[in-house]
């Protein structure tokens, strides 16, 4: 039984290490910044997730103490990864891409990075009435 | 066997940190550097948890939680500084 537990934990650790390495290797391998944005998500989800699952299994099955801190870290990373990726993409568009390179938004207001926020006349009318 | 797997995982994440450092020094745009720093924080969280397993102690969860929070806030602050020239408008 101990051997099965050890194999399970070792499998989690090896998978996590390989995926973390792949995520950072993609960061130097891919050509474009927008492509590079794609690579470290592997390191975030499977890399850190595998390490945290291995840690949870280790402390639950060998030390005999259950803790939910790892799940909190996983949840926090899953929540914050899209926000920071969106911010980095916006930084890249603002610094390196001109408005001519982007496709036409086909709406009355343009891209959020270059144009001001649209104003809604209906909201102002409601404010005057109230 | 767990110790062997731990050594392998620590080796992988350390190599990943070196690759991130290469991207930070080379990175043609500022977005690349921010992205590499963000990935570096994630790799450091993994290394901290691995060290916690190696030392058989649960102290390092709090440390990795703090590193995760500080890393996210610093990424957003750096992006906003590059985007708007100011962090809190």
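No value in this document is a laboratory result; all are computed from the given coordinates. As the structure is a prediction and not an experimental result, all values here were calculated from the model.
Shape class of chain B from the alpha-carbon gyration tensor: oblate, with a/c at 1.5 or above and b/c at least as large as a/b. Volume per residue for the protein assembly as shown equals 167 cubic angstrom (convex hull of Cα atoms).
Quick check on the stretch A:9-78: take the gyration tensor over C-alpha atoms, sort the square-rooted eigenvalues as a ≥ b ≥ c, and tell me if it's rounded (a/c under 1.5), prolate or oblate. It comes out oblate by the Cα gyration axes. Computed per residue of chain A from DSSP H runs no shorter than four, each worth -39500 (n - 2.57), the mean residue ellipticity at 222 nm is -21000 deg cm²/dmol.
Rounded if a/c is under 1.5, else prolate if a/b beats b/c, else oblate: with a ≥ b ≥ c from the C-alpha gyration tensor eigenvalues square-rooted, which is chain A? It is oblate, given that a/c is not under 1.5 and a/b is not larger than b/c. Build a GNM of chain A with springs between Cα atoms under 10 Å apart, and of A:34, A:72, A:56 the one that fluctuates most is A:72.
Would you mind pulling out the separation of the Cα centroids of the stretch A:1-28 and the stretch B:1-74, in Å? If you average the Cα positions of each part, the centres end up 14 Å apart.
Can you tell me the orientation of helix B:30-55 relative to chain B, as the angle in degrees between its alpha-carbon axis and the longest Cα principal axis, to the nearest 10? That helix lies at roughly 20 degrees to the long axis.
Rounded to the nearest 10 degrees, the angle from helix A:2-29 to the longest Cα principal axis of chain A is 40 degrees.
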